[in-house]
Amino acid sequence: MLTVSRLGAENIPSQPAERLPRQTVGVRRMRNLIPASERFGFSRAEAAAYVGFGVTLFDAMVADGRMPKPKRVNSRKVWSRLALEEAFAELPEDGPAGQIQESADEWDAVA
């Protein structure tokens, strides 16, 4: 483990380097300070974690339309928290013995 004394700061008590206070707050650290329920947008990995999936499954669900596509902000892709919540609510519920329940929507029978 890297300690402060190995970094050449002999006047600071030896403690794990990752526990030192940060002088600046970067964007990534700032995102961690805001609870997910209060944020509007998520990165790909954050969006997958928010709905409880791994990134690979999340990518597949975006590709087949079960999860929303991201919004483009310059070169970044950002997923809307509200769109994720709506898409998650639309996923089918698991019925007895692992059977997926049929939709009660009468239009599904026509299609």
**Study point:** Given (1) modelled with pLDDT of 70 or more; (2) assigned to a helix (DSSP H, G or I); (3) exposed (fewer than 10 other Cβ atoms within 10 Å of the Cβ), index of the condition Ala97 fails
**Key:** (1)
Point to revise | Within the range 37-59, tally of residues that are surrounded by 12 or more Cβ atoms within 10 Å (Cβ to Cβ), small (Gly, Ala, Ser) and outside any loop (DSSP other than H, G, I, E, B) | key: 4
Check your understanding: On the given criteria, is Ala104 exposed (fewer than 10 other Cβ atoms within 10 Å of the Cβ), at pLDDT below 95 and either in contact with a strand residue (DSSP E or B) (Cβ under 8 Å, 6 or more places away or on another chain) or not in a helix (DSSP H, G or I) (or both)?
Key -> yes
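Among the residues of the range 47-60, is any touching a strand residue (DSSP E or B) at 6+ places or on another chain (Cβ under 7 Å), at pLDDT 90 or above and of a type outside the set (D, E, K, R)? Let's see the steps before the verdict.
First, pick out the residues of the range 47-60 that are touching a strand residue (DSSP E or B) at 6+ places or on another chain (Cβ under 7 Å): 47, 50.
Cutting the leftovers down to at pLDDT 90 or above gives us 47, 50.
From what is left, the residues that are of a type outside the set (D, E, K, R) are 47, 50.
Checked against the condition, which is being touching a strand residue (DSSP E or B) at 6+ places or on another chain (Cβ under 7 Å), at pLDDT 90 or above and of a type outside the set (D, E, K, R), the range 47-60 yields at least one hit.
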**Study point:** Residue count, the range 72-87 (criterion: part of a strand (DSSP E or B) and surrounded by fewer than 11 Cβ atoms within 10 Å (Cβ to Cβ))
**Key:** 2
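The values are calculated or read from the model by the stated rules, or taken from the named source; none is laboratory data. Only a predicted model underlies this, so the values are computations on that prediction, with no experimental measurement involved. Don't worry about glycine lacking a Cβ; one is built from the backbone with ideal geometry, like all the others, and counts go over all protein chains shown.
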